[in-house]
Amino acid sequence: MTDKKDFVDIRHAQKSYGNLEVLKDISLTVERGQIVAIIGPSGSGKSTLLRAINDLDPLTKGEIWLDGVQVNKKLPHRQYEKHINEMRQQIGMVFQHFNLFPHMTARDNVSMAPKMLKGLSKEAADKLAEEQLDKVGMLERIDYYPSQLSGGQKQRVAIARALAMHPKLMLFDEATSALDPELVDEVNQVMKKLAEEDMTMIIVTHEMDFAASVCDRVLFMDQGVVVEEGPPEVLFKNPSKARTREFLGKHLGATK
Amino acid sequence: MDIDLMLKVYPFFLEAAGLTILLSILTAILGLFCGILGVAARLSRFAFIRFLGAAYVSVFRGTPALIQLFILYFGGPQIGIQLDAFEAGVIGLGVNAGAYMTETIRGAIISIDKGQREAARTLGLSNWQAMYKIILPQAARLMVRPLGVNLNMLIKATALVAAISVIELTYTAQRYIGSTYKPFEMFLLAGVLYMIIIYVVGRGVTWLDRKVQIT
Ligand SMILES: Nc1ncnc2c1ncn2[C@@H]1O[C@H](COP(=O)(O)OP(=O)(O)O)[C@@H](O)[C@H]1O
Ligand SMILES: [Mg+2]
């Protein structure tokens, strides 16, 4: 294993739940600063793949590498826990249902992990929370609890929470799917801003327009395999596989 | 109804109620301690320890508390455990209450959305950090009411130790019946005192439950 690894390097990822093979030998690389969208029908394994990257859903077989380090290294339990906690600090994740901590204000949601894991002082952590919440346009609501925020605001706080760890890679699992249509744009704007700052991102999404406008590459997944991938202008306008065309036929139609 | 008699004996009942309260407090503390241990066992990553936790809960919830007390107090000396009645009462009831509290605490913990743990782990928190910083503060708020129910049951269960001659409320009532032949008045007096204790505790639980809710 001395060959050069890409920034994100997923090698022969395979995942089964009992007899159900959810990921079938997926290999995928992402360069630093690249933005990759994963699209595909429900149940095709998009979330499973994304959640394998930070080992939230461990692979059955295969390797995940980030910046030259294997994320899912085989180690004895204690060592593995230490290793994976360090790796996860470098990988931000944004969930469909936000998963904000309801017993903490926006400020504490954002500053908790840096304080706890990076030993930031209260002042430094506060300043960090202010910066990150400002970045997502939520500074005014810094002392609000999640229950006092709209869906779009919650998701922006969740993004700030992930960014506060200064991750090398951001994973988005249908970050706007649970939002009312009028709230989608404010979250998309934040993601666009991150894209402009050259954050490396892997985005699972149902929004083809958004994928087309921010992504360098789009992957179409179906039944646990990557059916087709390419730059958005090719994949959306000129897909080569029948399955891709069929899926896009339904979805491009539906969103327009 | 012999009100005069009730007024005459009630100071002795008050004293006995004091012992019932002390018994309840000690039992609750031991119960909570056993409950926390029980939950830690039930959520362990080692199957054998999980089994021990589950066995603890099924044994102590699956047999009458009175039998547990009898085994401890009357059967204990046979296997070298010498306890006086009060000690046996506290330990017997406490370990029993702990089995119920184990399930209460565990119920609150597993009812927290799994996305909470995932979000915490994703940030890089360890399993334990996620537990005490994210899961427990939320679960604790959900536990107050059901633990209040456990507490209510536990206070009433202290009446059982009358059967091993601890001079608490119920035993005192029985003793005065022996000399007065007025079971209605004596048990009524004991019942009223139990109700006052339980009412006050219930109000406390309600107050605490309100106080800990997230705004
Ligand atoms: N914990 C699980 N146990 C069993 N099957 C699962 C589990 N999680 C996901 N699956 C199955 O894996 C497949 C892929 O799921 P998922 O990755 O969530 O798809 P997507 O995100 O593309 O909708 C689905 O068939 C789903 O039912
Ligand atoms: Mg999904």
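Remarks
- Residues that are among the polar types (S, T, N, Q) and within 13 Å of chain B (Cβ to nearest Cβ) are absent from the range A:159-181.
- Matching residues in the range B:163-176 - criterion: being surrounded by 21 or more Cβ atoms within 10 Å (Cβ to Cβ) and more than 16 Å from B:Val9 (Cβ to Cβ): B:Val166
- Looking only at the range A:103-126, and only at residues there that are of a type outside the set (A, V, I, L, M, F, W, C) and surrounded by 18 or more Cβ atoms within 10 Å (Cβ to Cβ), the one that is farthest from the other protein chains (Cβ to nearest Cβ): A:Arg107
- Extreme residue, nearest to B:Leu160 (Cα to Cα), among residues of the range B:43-55 that are open to solvent by 40 Å² or more (accessible area, probe 1.4 Å) and part of a helix (DSSP H, G or I): B:Leu52
- Condition check for A:Lys74: of a type in the set (Lys, Arg) and touching a strand residue (DSSP E or B) at 6+ places or on another chain (Cβ under 7 Å): no
- The set of residues from the range A:17-42 being touching a residue at least 60 places away in the same chain (Cβ under 8 Å), over 17 Å from A:Asp6 (Cα atoms) and within 16 Å of ligand 2 (Cβ to nearest atom) comprises A:Val22, A:Leu23, A:Ala37, A:Ile38, A:Ile39, A:Gly40, A:Pro41.
- Within the range A:17-38, the residues that satisfy the criterion of being open to solvent by less than 30 Å² (accessible area, probe 1.4 Å), more than 7 Å from ligand 1 (Cβ to nearest atom) and assigned to a strand (DSSP E or B) are A:Leu23, A:Ile26, A:Leu28, A:Val30, A:Ile35, A:Val36, A:Ala37, A:Ile38.
- Note on the range B:99-143: among residues that are closer than 24 Å to B:Phe60 by Cβ, in contact (Cβ under 8 Å) with a residue 40 or more places away in the chain and open to solvent by 30 Å² or more (accessible area, probe 1.4 Å), the one that is farthest from the other protein chains (Cβ to nearest Cβ) is B:Tyr100.
- Test: residue in the range B:89-98 that is surrounded by fewer than 18 Cβ atoms within 10 Å (Cβ to Cβ) and modelled with pLDDT of 95 or more: no
- The residue that is nearest to the other protein chains (Cβ to nearest Cβ), among those in the range A:57-79 that are farther than 20 Å from A:Ala113 by Cβ and open to solvent by less than 40 Å² (accessible area, probe 1.4 Å), is A:Asp57.
- Counting residues in the range B:192-205 that are assigned to a helix (DSSP H, G or I), more than 14 Å from every other protein chain (Cβ to nearest Cβ) and within 30 Å of A:Leu100 (Cα to Cα) gives one or more.
- Restricting the search to helices (runs of 4 or more DSSP H) fully inside the range A:39-134 and requiring at least 1 residues that are within 16 Å of ligand 1 (Cβ to nearest atom) gives A:46-53.
- Restricted to helices (runs of 4 or more DSSP H) entirely inside the range B:67-135, those with at least 3 residues that are in contact with a strand residue (DSSP E or B) (Cβ under 9 Å, 6 or more places away or on another chain) are B:114-123.
- For the range B:56-66, a residue qualifies if it is within 26 Å of B:Tyr171 (Cα to Cα) and in a helix (DSSP H, G or I), and the qualifying residues are B:Phe60, B:Arg61, B:Ala65, B:Leu66.
- Which numbered condition A:Glu140 fails, given (1) open to solvent by less than 50 Å² (accessible area, probe 1.4 Å); (2) more than 22 Å from the chain's Cα centre (by Cα): (1)
- Looking only at the range A:92-102, residues that are open to solvent by 20 Å² or more (accessible area, probe 1.4 Å), out of contact with any Ser or Thr (no Cβ under 8 Å at 6 or more places or on another chain) and farther than 20 Å from A:Met199 by Cβ come to 1 in all.
- Scanning the range A:90-148 for residues that are within 16 Å of ligand 2 (Cβ to nearest atom) and under 22 Å from B:Ala139 (Cα atoms) returns A:Phe95, A:His97, A:Phe98, A:Asn99.
- Residue check, A:Arg217 touching a residue at least 12 places away in the same chain (Cβ under 8 Å) and crowded, with 19+ Cβ neighbours inside 10 Å: yes
- Among the residues of the range B:177-191, the one identified as loosely packed, with under 13 Cβ neighbours inside 10 Å and part of a loop (DSSP other than H, G, I, E, B) is B:Tyr181.
- Selected residue (criterion: farthest from ligand 1 (Cβ to nearest atom)) from residues of the range A:161-189 that are crowded, with 20+ Cβ neighbours inside 10 Å and farther than 15 Å from A:Gln96 by Cα: A:Ala164
The values are calculated or read from the model by the stated rules, or taken from the named source; none is laboratory data. Small disclaimer: the values here were computed from a predicted structure and weren't measured. Because the Cβ atoms are built from the backbone with ideal geometry, glycine has one as well, and the counts that use them run over all protein chains shown. Please note that ligands, DNA and RNA were not included when accessible areas were found on the heavy atoms of the full protein model with its side chains. Shrake-Rupley method; radii C 1.70, N 1.55, O 1.52, S 1.80 Å.
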